[in-house]
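Worksheet: one structure, shown below.
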Amino acid sequence: MRRWAASVLLPVSLSACGGWQSTLDPASPGASNIANLWWIMFWTTGVLSTLVIGGLFYAVYRARRHARDEEGDRVGGTERGFILVAGAAMPTLVLISFIVLSVRTGASISEPPGEPELTIEVIGHMFWWEVRYPDHDITTANEIHIPVGAPVDVRVTSADVIHSFWVPQLAPGKVDMIPGRTNRTWMMAEEPGRFRGQCTEFCGVQHALMSLLVVAMPEEDFLAWISDRLPGTELDDPLELRGREVFFEAGCQSCHTIQGVSEPEFLGAPGPDLTHLAARSTLGGLTIENTRENLTAWILDPHHFKPGVRMPPSPLSGEDVGALVAYLETLQ
Amino acid sequence: MTTRTADPTLHRRLSAVWAPPKGIWRFLTAVNHRVVGLRFMVTALVFLLLAGAEAVAIRLQLAQPMLGILSPEAYNQAFTMHGSTMMFLFAVPFLEGLAIYLVPLMVGAREMAFPRLNAFGYWVYLIAGVSLYGAYLFGYAPDSGWYNYVPLTGIGFRPGVNIDFWVTMITFLEVSALVAAVEIIVTVLKHRAPGMSLDRMPVFVWAILITSFMIVFAMPALMLTSLMLALDRMAGFHFFNAAAGGDPLLWQHLFWFFGHPDVYIMLLPAVGVVSTVIPVFCRRPLAGYTLVVVSALAIGILSFGVWVHHMYTVGFAFVGLSFFAAASMLITIPSAIQIFAWIATIWNGRLHEIATPMLFSLGFIVLFVLGGITGIMIAAVPFNWQIHDTYFIVAHFHYVLVGGSVFPIFAAIYFWFPKVVGRRLDERLGSWHFWLFFIGFNVAFFPMHIIGFEGMPRRVYTYLPGLGWDGLNFLSTVGALVMAGGMVVFVWNLVASWRGGAPAGPDPWGGNTLEWSTSSPPENYNFLLVPIVRGRNPLWDDPSPWEPSLETRPRWLAELSEAPDLRRDQVVTSAVTAEPEGRAIMPRPSLWPLWLALALTVSFLGAIATLYLVPVGLALAFVALVGWHWPREEKLVGYNEEEVNDEP
């Protein structure tokens, strides 16, 4: 009964999955191939396990009847034959086909469908993502912009502990980010959209809110996005100039890079590069929207939103934090 | 069948020889396998309840997005302790305790091969478990998962003592598992009743024997790697530090080389329980005995070749992974053989009642099939790349481990409780326990498959709303609470039946194995006469294991039953055919096992404070070992026919 309900309801409820971090709503060839593999395995094993559990229940029914009629116990050579056919021969056939399918799927998605033109480096930090476009000299955090319709080469590593890079709708599964190693994967979006990713290797106290946004945009929009990412806006507003002073007075510059303004010297635990902060749509790795109010509250106490994050609270006066936010909002 | 009234003189004589000491010493010096086995099981059940409480806390925190019932720190300790407890402090120790209690009774022996080692293993287990929970009480519990991956658990990222407790106490705990495995192997191979050749051994004993060999090969990998981490953390080594030329992946290889066999270490004895329970209720021998035993052996061997399937995403070449995928899928075959052997057994059997042990066995088969098929799926590398470390995996391994290990453990408790306590567990409460637990389990864990597909990762203390995870997480929490209700019924049943359950008699189920021929609970000496085994189902076979009777037995065999020198002796038989080879004198109660365990505690627990306590503890352990092995004149029991009370 349960089994029946499960095998009927599961596909129904799964087909309804529309979450933007869903494995069954693929938007790339890699993720689609894996989803197809799943559906083949699901229907095959679904039918087989229904038969096995049905057989078990029928066996119980028979044995109850035998108990009433004092029958049963006809133990013979047939039992061994049955066990070998059902327990060894049948699974062998199924498994061989699964292995063939698995190897074919894996081989087809191990490499991208074409030569990637764009390379992105993603470096895991506790508990955020450093994102680099080495060909364009852009460094940002927690948000990746890619052009639609072209495979993107993704190289991942970690600056501290092991993280795992996973954007279920766009990449062929996840790949671990391991300190001292660089792993490669690829992404491709077939249509424009916003796709969510999340760290999938437990990386410490704030593993839960270490999320990632991938924005897939048409080629020309992407090129425009790239060319808009220029550091070093000239400041003329006194409030913004004051904000830049606060940035140094409050010690922000010891962890945060702003190209041309702040280059932290130590190689310890850096915070996200703020050069393009205002171009990001969220703060704290998708934890909150990047609005003036949220940015102000985040600076005053990031732990309110993301407990355990490495950034300390900054007890700034309302005036100072207002100036700082005004300055940060110029960082496109 | 023999009873003590059949030969009161022999009963009094053996009772005196095997009598435990009195008073407080009884508690501290006990070495008898039934006392130690029961202690293991009761302690493990306490840890099960603690792990269950942690699970409920976890589920409450995840019932809705962004709840604040547990802080991130508290949540991370809770999920780490839940996993560590279930793996290290519940499943394996409980099954070891069950084996320590049952194996001598099933093979017709009076005691385990090394009774003092047995007691030592228990003390180590108790101390390690209590230390971990003592640390938890003060907020210093390990907090980086039961698998404790480096470099997160290195001194640089987790400088506190939380991880130190994991590293030292888990290593210490595995000492306990290892000694239990060694003595189970020797007991099974050298103390089986005459005639119980390997092909007549009960399936449960086979399962335990294979499991014990697996422990001997798997646990050292864990002890080695946690020792390496201890050196990294406490003595400045760099085994796992990538910056200094170490490799964090080394930890994963060594851990899973232990970790995957460990899954089957929990599964195989449980499967042995089911292979014992089903034939008894179906009133017929197990179908395909040889196939079942060979399958268990195959699982034991194959399980050492699949550890990389926990590491598909670390960046290995796809070709290499495919071999591990094939090996992982291969394990399905021996598992399927066992499932169809049970179905065949039921098919041609006569099932007069579906009592609680049978209910849990049937529930086990259903859940094991469901967990098995998701296991095949995640062995497929590409699917695993997508679904690894999501809630789909949480669903899968709870189906395999709760379905595959906890359900059979409940079956075992309902099945052998009458033997251990002499009273039966209440059947009505048993059904309530089963149905609440079974339905609650499926409500809690089936939705997790879907939550995983929707992209929810494991080990997160919370999640943001709007990802489509809210409703199913709430449902899952409801299921967890229903399971908790089942556990309350179970504990109530245990307590009430222990005190006032219906008397069981020696054999309430009509069992086929030797333990059902003893009184319930068994006498201190287990068997009045050494049984002589002539088939796979000694109590169903004809003639019975008690023929020929004492008077007509050959002199040497009769003597084995009579304790002629008033020593604790038992028969030694050959490993394969169980031909009698001689007699072994078993030790008496002793305080040295406790001393040795405490001495090693000074080393292991002391290492957290300062490494200088390690040699101190080792020196104390040396003293204990000298005392343990000091040759001494065996003091004979002051035995007087008149003085010995007739009543046991």
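The values are calculated or read from the model by the stated rules, or taken from the named source; none is laboratory data. Keep in mind it's a predicted model, so treat the numbers as computed, not measured. Cβ sites come from the backbone with ideal geometry, for glycine too, and all protein chains shown count toward neighbours.
Filtered by the rule that a residue be among the hydrophobic types (A, V, I, L, M, F, W, C) and more than 14 Å from chain A (Cβ to nearest Cβ), the range B:53-88 gives B:A53, B:A55, B:V56, B:A57, B:L60, B:A63, B:M81, B:M86, B:M87, B:F88. Within the range B:582-602, restricting attention to residues that are without any contact (Cβ under 8 Å) to a residue 60 or more places away in the chain and touching a helix residue (DSSP H, G or I) at 6+ places or on another chain (Cβ under 9 Å), the residue that is farthest from B:D7 (Cα to Cα) is B:V602.
The residue of the range B:155-180 that is farthest from B:F239 (Cα to Cα), among those that are surrounded by 24 or more Cβ atoms within 10 Å (Cβ to Cβ) and small (G, A, S), is B:A180. State all residues of the range A:40-51 that are of a type in the set (S, T, N, Q) and within 8 Å of chain B (Cβ to nearest Cβ); if no residue qualifies, say none. Within the range A:40-51, A:T45, A:S49 qualify.
In the range A:116-175, the qualifying residues are those that are of a type in the set (D, E, K, R) and outside any strand (DSSP E or B), and the one that is farthest from the other protein chains (Cβ to nearest Cβ) is A:D137. Within the range B:183-196, residues that are at positive phi reach no partner that is at pLDDT below 95 and among the polar types (S, T, N, Q) with beta carbons closer than 8 Å at six or more positions or on different chains. All conditions but one from (1) buried (at least 22 other Cβ atoms within 10 Å of the Cβ); (2) over 23 Å from the mean Cα position of the chain (by Cα); (3) not in a loop (DSSP other than H, G, I, E, B) apply to B:G349; the one that does not is (3). Taken over the range B:513-540, residues that are closer than 10 Å to B:A193 by Cβ and either among the basic types (K, R) or under 26 Å from the mean Cα position of the chain (by Cα) (or both) amount to 3.
The residues of the range B:236-258 that are surrounded by fewer than 19 Cβ atoms within 10 Å (Cβ to Cβ) and either within 28 Å of the chain's Cα centre (by Cα) or closer than 30 Å to B:F94 by Cα (or both), listed by number, are B:L250, B:H253. Inclusion of B:F79 among residues that are crowded, with 19+ Cβ neighbours inside 10 Å, within 30 Å of B:V420 (Cβ to Cβ) and at pLDDT 95 or above is not warranted. If you check A:T50, A:T92 for being touching a residue at least 24 places away in the same chain (Cβ under 8 Å), within 26 Å of A:I34 (Cα to Cα) and not aliphatic (A, V, I, L, M), only one passes: A:T50.
Take the conditions (1) modelled with pLDDT of 95 or more; (2) buried (at least 21 other Cβ atoms within 10 Å of the Cβ); B:V31 misses just one of them, which is (1). What about A:S32, is it under 33 Å from the mean Cα position of the chain (by Cα), facing chain B (nearest Cβ under 7 Å), of a type in the set (S, T, N, Q) and part of a helix (DSSP H, G or I)? Against the criterion (under 33 Å from the mean Cα position of the chain (by Cα), facing chain B (nearest Cβ under 7 Å), of a type in the set (S, T, N, Q) and part of a helix (DSSP H, G or I)), A:S32 does not qualify. A:R181 falls short on exactly one of the conditions (1) modelled with pLDDT of 95 or more; (2) in contact with a Ser or Thr (Cβ under 8 Å, 6 or more places away or on another chain), and that condition is (1). Comparison of B:I365, B:I337 shows that the only residue that is under 30 Å from B:W416 (Cα atoms), assigned to a helix (DSSP H, G or I) and touching a Phe, Trp or Tyr at 6+ places or on another chain (Cβ under 8 Å) is B:I365. Counting only residues that are within 14 Å of another protein chain (Cβ to nearest Cβ), more than 16 Å from B:W307 (Cβ to Cβ) and among the aliphatic types (A, V, I, L, M), the range B:238-276 holds 5 of them.
The helices (runs of 4 or more DSSP H) located wholly in the range B:373-466 that include 1 or more residues which are within 25 Å of A:V52 (Cβ to Cβ), free of Cβ contacts under 8 Å to residues at least 24 places away in the same chain and within 14 Å of chain A (Cβ to nearest Cβ) occupy B:381-387, B:427-453. Among the residues of the range A:176-199, those identified as in contact with a helix residue (DSSP H, G or I) (Cβ under 7 Å, 6 or more places away or on another chain) and at the interface with chain B (Cβ under 9 Å from one of its Cβ atoms) are A:D176, A:I178, A:P179, A:G180, A:C199. The set of residues in the range B:322-372 being at the interface with chain A (Cβ under 7 Å from one of its Cβ atoms) and touching a Pro at 6+ places or on another chain (Cβ under 8 Å) consists of B:T332, B:I333, B:A336, B:G349. Every condition in (1) under 18 Å from B:W592 (Cα atoms); (2) at pLDDT 95 or above is met by B:A135 except one, and the failing one is (1). Note on the range A:265-311: residues that are away from chain B (no Cβ under 14 Å), among the β-branched types (V, I, T) and assigned to a loop (DSSP other than H, G, I, E, B) total 2.
State all residues of the range B:199-214 that are part of a helix (DSSP H, G or I) and either of a type in the set (A, V, I, L, M, F, W, C) or surrounded by 23 or more Cβ atoms within 10 Å (Cβ to Cβ) (or both); if no residue qualifies, say none. Hits for the range B:199-214 are B:V203, B:F204, B:V205, B:W206, B:A207, B:I208, B:L209, B:I210, B:T211, B:S212, B:F213, B:M214.
Residue-by-condition table, conditions (1) farther than 21 Å from B:A379 by Cα; (2) modelled with pLDDT of 95 or more; (3) more than 7 Å from chain B (Cβ to nearest Cβ):
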{"position": "A:W38", "(1), (2), (3)": "no, yes, no"}
{"position": "A:I53", "(1), (2), (3)": "yes, yes, no"}
{"position": "A:V75", "(1), (2), (3)": "yes, no, no"}
{"position": "A:G81", "(1), (2), (3)": "yes, no, yes"}
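With respect to the conditions (1) farther than 26 Å from B:F157 by Cβ; (2) part of a loop (DSSP other than H, G, I, E, B), A:V321 falls short on a single one, namely (2).
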